[in-house]
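To start, the structure itself, in structure tokens.
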Amino acid sequence: MPWREVSTMGERREFVRLALEEGMNRRELCRRFGISPDIGYKWLARWEAGDRELAD
């Protein structure tokens, strides 16, 4: 099975997409993505503020 290629921004957008689903446990999602809840909530705040690139 070949390696799956992912981009940093693509992973961040996937995190936000999943986090915005109704009923999603955001802390569990952070664990799944290997990030701290502080980082997860920072990305969500950026997305909601209109930053669709989620760049640092």
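FYI, it's all coordinate maths here, none of it is from the lab. Note that this is a predicted model, so its numbers are computed, not measured. Cβ placement follows ideal geometry from the backbone for every residue including glycine, while neighbour counts extend to all protein chains displayed.
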Self-check item: Estimated Rh, the chain: Kirkwood, alpha-carbon pairs, angstrom
Solution: 11.8 Å
Quiz item: Once the piece of chain linking E53 and M24 is laid out straight, how much longer is it, given 0.36 nm per residue of separation minus the C-alpha distance between them?
Solution: 8.2 nm
Exercise. Pairs of Cα atoms under 8 Å, at least six residues apart: use those to get the relative contact order of the chain, whole percent.
Key: 35 percent
Quiz prompt | Loop sites in the stretch 1-32: trypsin sites (Lys or Arg not before Pro), DSSP, at most 12 other Cβ within 10 Å | solution = R4
Quiz item: Contour minus end-to-end for R32 and T8, with contour as 0.36 nm per residue of separation and end-to-end as the Cα-Cα distance?
Solution: 7.1 nm
Self-check item: Sites excluded, GluC sites (Glu not before Pro) in DSSP loops with at most 12 other C-beta within 10 Å, longest stretch of the chain
Solution: 23-52
